[in-house]
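Colleague: I am attaching a structure below and will ask some questions about it afterwards.
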Amino acid sequence: MGSPDPEHGRQLNGMGGGVSSLSKICVVGSPSPAQKEQGIDVEYTFVQVGIRDTSIDYSGNCGNLSSMIGVFAIDEGLYTPPSLGTHATVRSFNTNTQKIIDTTFPISAADPPTPNLETPETAIAGVPGIASAIVLEFVNPAGARTGKLLPTGSPVDELTISPPSRSSGEISIRCSCVDATNPTVFVSQVDLAEFLPIAEYIQGSAPAVGETLERIRRAAAVTMGLDPSAQAQPKIAIIGEPSSTEDRAQGVDVVMHALSMCVLHKAVPMTVGLCAGVASNIENTLVWEVVRKAHSLRGGEKKKMVRIRHPSGVVDVGAQFSEDGDVKSAKVVRTVVDSALMVHLILTSSYTNEVSTLTFDPEASSIEVTSSVTVGHHPSWITFYPEDHSLVFTGLEQTDGKVVALKFDQEGKGEVVAEASSGGADPCSLVSTKNTLFVANYSAGVLSQLPISPNEPYILASSPTKIQLKGTGPNASRQEGSHPHQVIIHEENDELFVPDLGADLVQRYNIADNGSLSHLGQIQHTLGGGPRHVAFYDGHLYTLLELTSVLVKHTLPPLPALPKFVKSTPTMSHVPAQPTDMLAAEILIPTPNTTYPVPYLYLSNRNDPSPEGDIISIFSIAGPDSLELVAEVRSGLQHLRGMVFGGPDDKWLVAGGVNGGGVKIFERVDGGRGLKVVAENSDVQAPTGFLWK
């Protein structure tokens, strides 16, 4: 772990990312003989690691990590499930809470069986696609730390505290102290609003409110018989009534904002959600009051599961009680793609001297810089080796253009392992087959080829084979000569396409097995248009003209048949008066899937004078003649150049602003017709391109 990091709180010299939901450890081992007699298959201890300090907290548990203990135990050979059946249930013992947790998930038919985490079993609201279900069930969860379901003996308590914002006087606040899976203090948003700007705090302002909430949490800890100085226990959660149209349409029962280690959680800790599920069944608790009102507004409906709205979506939790009122279990269904373990590494190139690794945590809605490697001047484009994504190539945009090879470990830490001449000035785009790296050298007008290997020395020649492109256009400042701006492979046809911004041409080459190129022809575009990037979909070619902000659609039949013009359209509804001629930049068409079955084209624009940032345009391309602008999303980024889709079903789009810096993650909504921001980081400097690892 990258702790302590008192100055920056980012943990850059190790894991953690400066986020409490990532600064966690589970120590997993075999059960004791006595535990085996109780049917326990594996035991584990959860550790919450401090970020800025060296603190280690054993007082609680993490539900998200608990959901993967059984999978880990089988993978590591700590437990072997029976060979019969399609699912395994692994019973684990959490030493922190002295509680038993069952996880059930699909297994393969192999002998011995292994976890099968790609079985399409279930979908979860707010999570795209259908994935393997992991059923997490906390057995007898009551009294996880205090020994009692209601540690104070009452469903509602009244605490008296002295808020730091008041010069004198005390206030009273109602709370429900419940201990199930993790001890949690529930407070009402309505009650808090009487003396705190709680709405502003939830929205990210009024940080001083956090100190008052911490005083409430500490006071509640004392009444529960817990150590008030332990930040991990008890948790505190703000609850409110579902009020939006979306909440009512989705059947939300309670809205929750939880705090973890004195910081608002970007989602909800699973154990806090489970505790709320239990509390919703305990008469007169604050959670019970909110859920009962939601049910009455829906005509007295009662459900086995309680739906919680949190900042990143919704989660369904449930609890089973015995006839005498004891809590038998608390349950939640997770999918593999919904697991907090599924953090994503994103490599970013830039107009700096570094290639950086970003860690995106969907559950925490956070994106952090976790490492960087210095490579040289302006590594503006990066591409994977196709058969080994730990090997990455970048080009240095400089007069004596260079290609650099990097190797990345599983944590995203990279090192330079080779370099060679790119064959010309300002290499701006690269793409790789298993034996050849193709490079577009923008200022030199040169298309070059380097022999490569997945093993040392990685780049097999110090200088490339070169093809000098020729041509000019009417734009005197940008088209005085050939300027290849992209190299992209049409895999179905084994062709390399090279948009030449300077000559208003898209060149086509056949790729031989040995990586050599033979020229097949070219596609002429409107003079002065400046073709920058292209994309392919369903027998069509889409070309982005940078200098005129126009999107062009052609048919793309196999040769010898020639492309035919279909349609062209502006890249946005109102192209601004051009402060420069650098406008449209990137064009992407994610492959349709079960979650997003309708094809859309996404396009970035640059240098819009609006203070709301550059526009991401979304086009419908479902029909052979379709090219319709359906949405424009203000990104909040300036000079929006690079963007790439990633994650399950290409759910997320990462984009960066070169001018002013900053990276944002957008989630596709409305079937792909829209985008919403789910994470952002303003510290990333001059990002130009991305790769999802």
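The values are calculated or read from the model by the stated rules, or taken from the named source; none is laboratory data. Not measured: the values here are computed from a predicted model. Here Cβ is always computed from backbone atoms with ideal geometry, including for glycine, and neighbour counts include all displayed protein chains.
Colleague: Out of Glu495, Glu546, Glu491, which single residue is surrounded by fewer than 15 Cβ atoms within 10 Å (Cβ to Cβ), among the charged types (D, E, K, R) and either without any contact (Cβ under 8 Å) to a residue 40 or more places away in the chain or touching a Lys or Arg at 6+ places or on another chain (Cβ under 9 Å) (or both)?
Modeller: Just one listed residue meets the conditions, Glu491.
Colleague: If you go through the range 468-513, how many residues are over 37 Å from the mean Cα position of the chain (by Cα) and hydrophobic (A, V, I, L, M, F, W, C)?
Modeller: 4
Colleague: In addition: Quick one: is Ala199 more than 25 Å from the chain's Cα centre (by Cα), assigned to a helix (DSSP H, G or I), of a type outside the set (Phe, Trp, Tyr) and at pLDDT 95 or above? Break it down into steps so the answer makes sense when it comes.
Modeller: Values: more than 25 Å from the chain's Cα centre (by Cα): yes; assigned to a helix (DSSP H, G or I): yes; of a type outside the set (Phe, Trp, Tyr): yes; at pLDDT 95 or above: no.
Here the answer is no, as Ala199 does not meet what is asked.
Colleague: Another one. Does at least one position in the range 74-92 carry a residue that is under 26 Å from Leu264 (Cα atoms) and touching a Ser or Thr at 6+ places or on another chain (Cβ under 9 Å)?
Modeller: Within the range 74-92, the subset under 26 Å from Leu264 (Cα atoms) is none.
No, the range 74-92 contains no residue that is under 26 Å from Leu264 (Cα atoms) and touching a Ser or Thr at 6+ places or on another chain (Cβ under 9 Å).
Colleague: Of the residues Thr97, Thr119, only one is touching a strand residue (DSSP E or B) at 6+ places or on another chain (Cβ under 9 Å), at pLDDT below 85 and closer than 25 Å to Lys36 by Cβ; which?
Modeller: On the way: Thr119 fails: closer than 25 Å to Lys36 by Cβ.
The conditions single out Thr97.
Colleague: Another question, if that's okay. Inspect the range 599-620 for any residue being closer than 26 Å to Lys567 by Cβ, within 20 Å of the chain's Cα centre (by Cα) and not in a strand (DSSP E or B) and give the result as yes or no.
Modeller: Within the range 599-620 (the criterion being closer than 26 Å to Lys567 by Cβ, within 20 Å of the chain's Cα centre (by Cα) and not in a strand (DSSP E or B)), the answer is no, since none of the residues qualifies.
Colleague: Looking at Glu368, Glu419, Glu415, Glu363, can you tell me which residue is closer than 30 Å to Ser260 by Cβ, outside any loop (DSSP other than H, G, I, E, B) and charged (D, E, K, R)?
Modeller: The unique qualifying residue is Glu368.
Colleague: Another question, if that's okay. Could you grab me the full set of residues in the range 202-220 that are without any contact (Cβ under 8 Å) to a residue 24 or more places away in the chain and buried (at least 18 other Cβ atoms within 10 Å of the Cβ)?
Modeller: Scanning the range 202-220 gives Val209, Arg218.
Colleague: For Met305, only one of the following conditions fails: (1) without any contact (Cβ under 8 Å) to a residue 40 or more places away in the chain; (2) closer than 14 Å to Ala180 by Cα; (3) not aromatic (Phe, Trp, Tyr). What is its number?
Modeller: (2)
Colleague: Here is a further query. For a quick check of your reading of the model, give me the residue pairs whose first member lies in the range 413-431 and is closer than 30 Å to Gly14 by Cα, whose second is assigned to a loop (DSSP other than H, G, I, E, B), with beta-carbon atoms closer than 7 Å and at least 6 apart or on different chains.
Modeller: Taking only residues 6 or more apart or on different chains, the pairs are Val416/Val375; Val417/Tyr458; Ala418/Pro457; Ala418/Tyr458.
Colleague: Could you list, in sequence order, all residues of the range 2-19 that are among the polar types (S, T, N, Q) and in contact (Cβ under 8 Å) with a residue 24 or more places away in the chain?
Modeller: Taking the range 2-19 first, the residues among the polar types (S, T, N, Q) are 3, 11, 13.
Residues satisfying the conditions are Ser3, Gln11.
Colleague: Quickly run through the range 262-294 and pick out the residues that are under 22 Å from the mean Cα position of the chain (by Cα) and outside any helix (DSSP H, G or I).
Modeller: Val263, Leu264, His265, Lys266, Ala267, Val268, Pro269
Colleague: Additional query: Out of all the residues in the range 17-67, which are among the aliphatic types (A, V, I, L, M), surrounded by fewer than 17 Cβ atoms within 10 Å (Cβ to Cβ) and in a helix (DSSP H, G or I)?
Modeller: Listed by number, the list holds a single entry, Ala34.
Colleague: Can you name the number of the only condition in (1) surrounded by 22 or more Cβ atoms within 10 Å (Cβ to Cβ); (2) within 20 Å of Leu551 (Cβ to Cβ) that Gly657 fails?
Modeller: Only one criterion in (1) surrounded by 22 or more Cβ atoms within 10 Å (Cβ to Cβ); (2) within 20 Å of Leu551 (Cβ to Cβ) is unmet by Gly657, namely (2).
Colleague: Among residues belonging to the range 29-52 that are closer than 23 Å to Ala230 by Cβ and of a type in the set (Val, Ile, Thr), point out the one that is modelled with the highest pLDDT. Show your work before the answer.
Modeller: At the first step, the residues of the range 29-52 found to be closer than 23 Å to Ala230 by Cβ are 43-52.
Now narrow it down to the ones that are of a type in the set (Val, Ile, Thr): 45, 47, 49, 51.
Numbers: Thr45: 96, Val47: 93, Val49: 90, Ile51: 86.
My answer is Thr45.
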